Structure formats: structure tokens, C-alpha cells
Amino acid sequence: MVREVKATANGFFFFEFKTLAAMEEVIEGGPWLFNGQAIVLQKWEPGMVLRKLQHTQVPVWIKLRHLPVELWTSEGLSVVASGVGKPLYPDAITRACTRLDFAREDGSEVACKVDVEYEWLPPKCTTCHSLGHSIRDCPTTKPKPPPVSVYVQKPTGQPQHRPTDVSKPQPPGR
């Protein structure tokens with residue numbers, strides 16, 4: 001499927017596929033994760049400027065559990081998925097199942113409970129509200145300096161030199 005992978009110094013990767021169909025299958029088959037983080041795949045075009053994007057939304061796959069058979073239609077799946085977010089498209093197996101003849105509308109409305117299982121959720125920062133990192137890795141928070149330990153010598157009963165405040169002028173002879 002992949003013929004070669006090339007990495008750039010600024011963190012981008014180029015994948016060379018054996019066929020155009022293989023490339024399209026990978027691009028459409030996402031979302032893809034690397035080391036627990038979502039990666040964005042785009043078809044390279046001549047003149048394309050490479051830059052890292054800050055995403056406020058990422059697609060995630062969900063599984064709908066205990067979905068009544070009558071909702072196994074494109075419209076039914078879209079209505080249920082809209083309760084979670086903006087539905088994009090079902091996978092190939094789900095698309096094949098939505099063509100079943102027994103999934104017909106009878107005009108009645110029935111409430112049902114559908115369990116939603118997320119395949120993966122991106123980390124969301126509670127400081128800057130961006131997706132893709134947690135508060136620990138937030139670039140907008142300034143690192144706090146580590147605590148400094150100060151050791152003070154215990155008085156020995158001997159006269160000690162007292163520091164003089166040099167911010168105020170002292171009268172001569174003092």
C-alpha cells in the first residue's frame with residue numbers, strides 16, 4: 001500500500017503510495033492516530049505551503065449501540081448521530097446495512113436509549129480550549145519557576161552584621 005515515507009525537518013511526513021486508489025483509501029479511512037494524537041492527511045498539490053494548523057474540530061468515529069432496527073436508514077442514523085455532533089458519513093459496513101428493506105418508517109415516534117461509544121477522543125486543554133493537548137502541554141501557560149530552598153544560619157549569640165537598606169540615603173557617620 002505505502003511505497004515510501006519521507007520525513008521533513010519541520011515535522012511533516014510524505015507518504016508515497018503504490019496506487020492512487022490506495023492513497024484515497026487511506027485519506028478517506030481516517031481519522032488516523034500517531035502516538036495517541038490525531039494526524040491530518042492531505043493530498044499533496046504542487047505549490048502547497050506546509051504549515052501546522054491549530055484545529056478546533058476533529059472527526060471521531062462513534063459506535064451506536066442498541067440502535068433500533070427502524071433507525072438503520074441514512075436519515076435515522078443522521079438524526080441519532082446529530083445528537084453527538086455533526087455527522088459526516090457512515091463506514092462501508094454501516095452503509096451496506098442501511099439499504100435493508102425492513103427499515104421502513106411507520107409514522108410513529110418512539111423514544112429510545114442509544115449508547116454511544118467513542119473510538120477515540122482528542123485531549124482538550126481547559127486553559128486555551130484547543131484540541132490536541134492537555135493543560136500540562138499548553139503553549140499559552142507560562143512555566144512556574146521551581147521552588148527555591150533557602151537555608152538560614154542559626155544565631156550563635158555573637159553580634160551579627162545587620163544588612164543596611166541601601167535604597168534610602170544614610171546620614172554620614174552611621
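The values are calculated or read from the model by the stated rules, or taken from the named source; none is laboratory data. Remember, it's a predicted structure, so these values are computed and weren't measured experimentally. All Cβ positions, even for glycine, are placed from backbone atoms using ideal geometry, and neighbour counts span all protein chains on display.
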(request) Please determine, by comparing only the residues of region 15-39 that are free of Cβ contacts under 8 Å to residues at least 24 places away in the same chain, part of a loop (DSSP other than H, G, I, E, B) and not β-branched (Val, Ile, Thr), which one is nearest to LEU131 (Cα to Cα). (result) GLY36
(message) Among the residues of region 1-14, what is the count of those that are in contact with a strand residue (DSSP E or B) (Cβ under 6 Å, 6 or more places away or on another chain) and either of a type in the set (Gly, Ala, Ser) or part of a helix (DSSP H, G or I) (or both)?
(response) 1
(message) Being in a loop (DSSP other than H, G, I, E, B) and over 21 Å from the mean Cα position of the chain (by Cα) is the requirement here; does PRO46 meet it?
(response) yes
(message) Looking at GLY85, GLY107, GLY76, can you tell me which residue is small (Gly, Ala, Ser) and at pLDDT below 80?
(response) GLY107
(request) Look through region 49-73, keep the residues that are within 25 Å of the chain's Cα centre (by Cα) and either modelled with pLDDT under 75 or in a helix (DSSP H, G or I) (or both), and return whichever of them is surrounded by the most Cβ atoms within 10 Å (Cβ to Cβ). (result) VAL58
